[in-house]
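Only one structure is covered here, and it is reproduced in the block below.
Derivation of every value follows stated rules applied to the coordinates shown; laboratory data play no part. Predicted, not measured: the structure shown is a model, and the values here were computed from it. Cβ coordinates were reconstructed from backbone atoms using ideal geometry, including for glycine residues, and neighbour counts include every protein chain displayed.
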Amino acid sequence: MLSAPLPYFPDVETPQPDEDRTHRALIATFRKIITKTHRDLGHAQRGVHAKSHALLHGEFRVHPDLPPELAQGLFAEPGTYAARVRLSSIPADPLRDTVSVPRGFALKIIGVRGERLPGSENDTTQDFLFANGPAFATPDAKSFLSGMRLLALTTDRMEWAKAALSHILRAINAILAKCARPSPLLAFLGGYAPTNPLGDRFCSQVPFRFGQYMAKFDIVPESDSFRALTDRRVDLRRDPDAIRTEIREILYREGGRWTLRAQLCRDLERNPIENAAAVWPEDHNPYLPVATIDVPPQESWSESLSREMDDGLSFAPWHGLTAHRPLGNIMRARRVLYPVSVGLRSDLNRCPVHEPRT
């Protein structure tokens with residue numbers, strides 16, 4: 001029997017005394033990355049997750065008859081909402097796919113009602129961000145800053161060397177995976193298995209408020225069409241955008257479905273809020289289904305879609321309901337970093353970024 005979820009209370013967060021300094025340094029680093037890619041490529045990219053593999057329109061359905069501990073916030077009542085999905089790769093420059101790194105899944109749910117988070121009072125969207133792996137690469141924003149400074153030095157440089165290193169790291173990580181000990185660090189550096197993202201599992205990695213409680217989320221393939229793609233390798237040699245090409249071929253023929261699940265915080269020692277690198281164990285605390293995401297057959301990537309969703313939209317965890325307030329050190333950094341990053345990208349591209357209502 002599962003233990004009861006812990007109630008949310010504001011003091012569950014414990015900010016560090018020097019967070020403002022870290023936030024300012026992160027902003028400066030992201031400005032450097034975005035400005036460099038704009039200068040070199042003629043177009044400003046995101047500070048992370050620059051390259052999109054798929055830009056999808058779909059439906060988000062909250063399950064009916066959820067038990068009280070899951071019927072919280074957006075999930076309190078069954079409902080169907082329009083949704084946007086952006087599948088991407090982590091780096092700040094749009095590298096060829098032979099540099100195989102973890103992927104991201106950005107979800108925007110449109111038309112939600114309820115008390116809003118500061119800065120999104122006039123919007124009707126709820127954003128959730130996901131990536132491969134059950135926890136964030138670093139425990140806090142200060143350690144994340146160190147990695148981003150290194151990334152800033154290599155952005156838009158030595159792509160051939162990154163591809164060669166990725167080939168070596170994938171081989172090493174494949175050996176580690178056979179021993180059930182794959183390395184998240186090696187994956188982040190280019191050793192991620194070249195699977196089809198439609199069949200991947202994605203995790204929020206860091207927690208959110210979940211109405212009266214707190215939770216992490218994940219997304220897993222549900223339809224047979226997407227489950228068949230789990231662990232299926234993509235031939236990265238076919239073209240520089242091999243993942244994008246394969247997804248387009250699949251979604252032109254058939255759509256699919258993912259399930260969104262929630263893992264409730266039931267023990268602050270085993271489910272810490274501030275340590276973003278901590279995996280919440282799933283034994284005795286599984287992820288439980290709360291919603292589905294359906295995408296019909298469609299054109300999954302085009303230049304016009306890229307202008308609409310890559311340039312015209314932003315995905316940020318602080319776009320949303322008070323009931324799903326982002327929690328912890330990394331999320332507090334995102335609160336101040338993302339608006340600056342989005343504003344700079346919008347100004348450089350001379351393309352307004354907006355929140356959709358339909």
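Across all directions of projection, what mean area in square nanometres is found for the Cα convex hull of the stretch 1-57?
8.6
By its C-alpha gyration tensor, with a ≥ b ≥ c as the square roots of the eigenvalues, how is the chain shaped: rounded for a/c under 1.5, else prolate for a/b larger than b/c, else oblate?
rounded
Tally Lys and Arg at +1 and Asp and Glu at -1 over the other residues with C-beta under 14 Å from the C-beta of residue 71: what net charge comes out?
Once positives and negatives cancel, what remains is -3.
Work out from phi, with θ = phi - 60° and the Karplus expression 6.51 cos²θ - 1.76 cosθ + 1.60, the ³J(HN,Hα) of each residue of the stretch 299-305, listed in order in whole Hz, and give x for Gly and Pro.
My calculation for the stretch 299-305 gives 6, 9, 7, 7, 4, 5, 5 Hz in order.
Would you mind calculating the relative contact order of the chain from Cα pairs under 8 angstrom and at least 6 residues apart, reporting the percent as a whole number?
Relative CO of the chain lands at 25 percent.
Within a Cβ distance under 14 Å of residue 239, other residues only, what is the Lys/Arg minus Asp/Glu net charge?
+1
How charged is the neighbourhood of residue 15? Take every other residue with its Cβ under 13 Å from the Cβ of residue 15, and add Lys/Arg as +1 and Asp/Glu as -1.
-3
Could the peptides 26-39, 222-235 be put in order, highest first, of the mean number of other beta-carbon atoms found within 10 Å of their residues?
26-39, 222-235
Any idea how far the Cα center of the stretch 215-255 sits from the one of the stretch 1-76, in Å?
About 23 Å separates the Cα centre of the stretch 215-255 from the one of the stretch 1-76.
Expressed as a whole percent, how much of the Cα-Cα distance distribution for the stretch 31-114 exceeds 19 Å?
Tail of the P(r) past 19 Å holds 56 percent of the pairs.
Looking at the P(r) of the stretch 281-358, how many percent of alpha-carbon pairs lie beyond 15 Å?
I get 72 percent for the Cα pairs in the stretch 281-358 exceeding 15 Å.
Quick query: amide H of residue 213 versus all other amide H atoms, modeled in the peptide plane; which residues come in under 5 Å with a sequence gap of 5 or more or a different chain?
Counting only residues 5 or more places away or on other chains, the set is 8.
Rank by packing, highest mean first: peptides 13-19, 250-256, with packing defined as the count of other Cβ atoms within 10 Å averaged across residues.
250-256, 13-19
Give, rounded to the nearest 20 debye, the magnitude of the charge dipole that the chain has about its Cα centre when Lys and Arg contribute +1 at Cβ and Asp and Glu contribute -1 at Cβ.
Computed charge dipole of the chain: roughly 960 debye.
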